[in-house]
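Before any comments, here is the structure.
The values are calculated or read from the model by the stated rules, or taken from the named source; none is laboratory data. This is a predicted model, so every value here is computed, not measured. Here the Cβ positions follow ideal geometry from the backbone for every residue, glycine too, while neighbour counts run over all protein chains shown. We work out accessible area using only protein heavy atoms, side chains counted, and drop any ligands, DNA or RNA first. Shrake-Rupley method; radii C 1.70, N 1.55, O 1.52, S 1.80 Å.
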Amino acid sequence: MKDMNRNLVMICALGAGAVGSVSAAPKVSVPKQPNIVFIMTDDHSFQTLSAYDRRFINTPGLDRIAKEGITFTNSFVANSICGPSRACMLTGKHSHTNGFRDNHDTFDGSQQTFPKLLQNAGYQTAVIGKWHLKSNPTGFDHWSILNDQGTYYNPDFIDQNGKKRHEGYVTNLITDYSINWMNQRDQSKPFCLLVHHKAVHRIWMPDIPNLTLFKDQTFPLPSNFFDDYSGRTAAGKQKMSIAKDMDLVYDLKMLDKEGKIQTPYRRDFQNGEYARMTDAQRKAWNEVYDPIIRHFMEAKLEGKALAEWKYNRYMQDYLSCVKSLDDNIARLLKYLDDNGLTDNTIVVYTSDQGFYMGEHGWFDKRFMYEESFRTPLLMRLPKAYHAQGKVSQLVQNIDYAPTFLELAGVPVPEDIQGQSLVPLLKGEKPENWRKSLYYHFYEFPGEHAVRRHYGIRTDRYKLIHFYNDIDTWELFDLKKDPSEMKNLIDNPKYKSIIADMKAQLKKLQEQYRDPIINQ
Ligand code: SGN
Ligand code: CA
């Protein structure tokens, strides 16, 4: 574990190219305008990426990025939900500043984004896959995006020519199209390619060859799976419980042909993903799921046994989707190798947020609790940078834009709120690096009923204020209570820490000019 907090990055070379100093010239020179391949997935938890956590699945494709690059061990989002997270990354600004607070908003594509700034600096830019910002992409020479959330099977893609159904499995298709684009790009320019996957978003539909991968496997329940939410009012009001809210047919695909399993979202599965399949896909699907459905019906599970069965079924499908992702990332890395691109391309891997794998009894995200506030972040720089190891400083997804700009030699505009990660990639420990993170989630009323909240996290403590239709505060001591089960807000021993955290929170809200302070 000591290793996890160690900064063992050596990048004497980094200063020579991207950050301006020429004193420590490396043997192999760093590219002045490196290519950038920015891979982002949807809802991929760090618990299911073996560079972070080995309990559930091996992900050699992703681990290769970690092994050959940097693993950020304290990586967080600013607002744990899709569209807002993407808007934070594109702009380097918090949600209240970029204007995209929840998934119902429409992104103002006329504003400054890092792809636009790179494009102006001579980069060829493209985005392929999930976009989910309602307005069409701006700042890209090429875009081919999924329709809204997209679908796993035979998805519709939208580009300048309109919407079209493409036959195949979404993770494979996004990788194919990314490779096709790199093949036909203008080779005289550096490029920035955003490969944005739909996986591992609900409803976790595995690709046909992976359907049986985890079929008979069971997984240890998280220790707080049967959390009663005592002392945490907002947590008790959510609707993202595996036991209560996860739909047997929609989420877990128990579509029995006799129609005995009637659930609120049965039709959504039947008329949605299931209906989109080709006959051959559906036949292969049924061959695997029909016996699972039969066993489930025979078992007549109830109470805790049913909750546990649902958890395992969820894990099986989710992990099978991660497997496709990992295989496709390995394929993309191999393409870079085979085409002489590995030594002049930065590869970044992240997710739009983390996800609950049964912790607190949940699926989904939204909360500022660790599992969804954190997100995986791996960066592989070209070899000449010598950037390898682990970085433990607090970083956030508003930092990616200034990092890409600095690495590309493009001046970082002053209004960007994130901080360039380049000093951390160089192995430095800057004195003035942020000591706390700011978070703000807005989507209430909304699906899963997670209340609006904002908060602050330091390396040790987390303070959250849930507001709107409730008014509750929570304080956690992450060292003593990493699973955030004990709200210390009324504990007199923490009085001065609470006062200090509240003062720091106010400062952050002033620094980032969040209008909430005026309400
Ligand atoms: C969909 C999902 C929700 C999920 C949101 C946001 N429901 O609405 O479970 O929280 O997306 O996810 S579904 O029935 O459509 O699957 S996000 O990653 O796009 O923000
Ligand atoms: Ca997401």
Yes/no for SER80 being within 21 Å of SER45 (Cα to Cα), surrounded by 24 or more Cβ atoms within 10 Å (Cβ to Cβ) and within 16 Å of ligand 1 (Cβ to nearest atom): yes
Matching residues in region 226-240 - criterion: being of a type outside the set (Val, Ile, Thr) and open to solvent by 20 Å² or more (accessible area, probe 1.4 Å): PHE226, ASP228, TYR229, SER230, GLY231, GLY236, LYS237, LYS239
Residue check, ALA66 open to solvent by 10 Å² or more (accessible area, probe 1.4 Å), aliphatic (A, V, I, L, M) and modelled with pLDDT of 95 or more: yes
For VAL200: the one exception among (1) surrounded by 15 or more Cβ atoms within 10 Å (Cβ to Cβ); (2) more than 16 Å from ligand 2 (Cβ to nearest atom); (3) of a type outside the set (Ser, Thr, Tyr): (2)
Residue count, region 294-326 (criterion: more than 16 Å from TRP204 (Cα to Cα) and in contact (Cβ under 8 Å) with a residue 40 or more places away in the chain): 6
Residue in region 348-370 that is out of contact with any Ser or Thr (no Cβ under 8 Å at 6 or more places or on another chain), part of a helix (DSSP H, G or I) and closer than 30 Å to VAL30 by Cβ present: no
Those strands (runs of 3 or more DSSP E) lying entirely in region 152-240 with at least 2 residues closer than 28 Å to LEU49 by Cβ and assigned by TED's automatic domain parsing to the domain that holds THR345: 191-196
Residue match in region 408-418 (condition: buried (at least 21 other Cβ atoms within 10 Å of the Cβ), of a type in the set (D, E, K, R) and modelled with pLDDT of 95 or more): no
Pick from region 371-396, criterion among the small types (Gly, Ala, Ser) and in a loop (DSSP other than H, G, I, E, B), ranking: most open to solvent (accessible area, probe 1.4 Å): SER392
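The rows are residues; the columns are (1) at pLDDT 50 or above; (2) touching a His at 6+ places or on another chain (Cβ under 7 Å).
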residue	(1), (2)
MET1	no, no
ALA13	no, yes
SER21	no, no
ASP43	yes, yes
Of all residues in region 468-488 being in contact (Cβ under 8 Å) with a residue 40 or more places away in the chain and surrounded by 15 or more Cβ atoms within 10 Å (Cβ to Cβ), the one that is nearest to ASN74 (Cα to Cα): LEU478
Conditions (1) of a type outside the set (D, E, K, R); (2) free of Cβ contacts under 8 Å to residues at least 60 places away in the same chain; (3) over 20 Å from SER110 (Cα atoms): number failed by PHE191: (2)
ASP247 vs. criteria open to solvent by less than 80 Å² (accessible area, probe 1.4 Å), charged (D, E, K, R) and either farther than 24 Å from HIS360 by Cα or in a loop (DSSP other than H, G, I, E, B) (or both): yes
Candidate set: region 91-106, residues that are within 15 Å of ligand 2 (Cβ to nearest atom) and crowded, with 24+ Cβ neighbours inside 10 Å; chosen: the one farthest from ASN136 (Cα to Cα): SER95
Condition check for ASN79: within 16 Å of ligand 2 (Cβ to nearest atom) and either small (Gly, Ala, Ser) or modelled with pLDDT of 95 or more (or both): yes
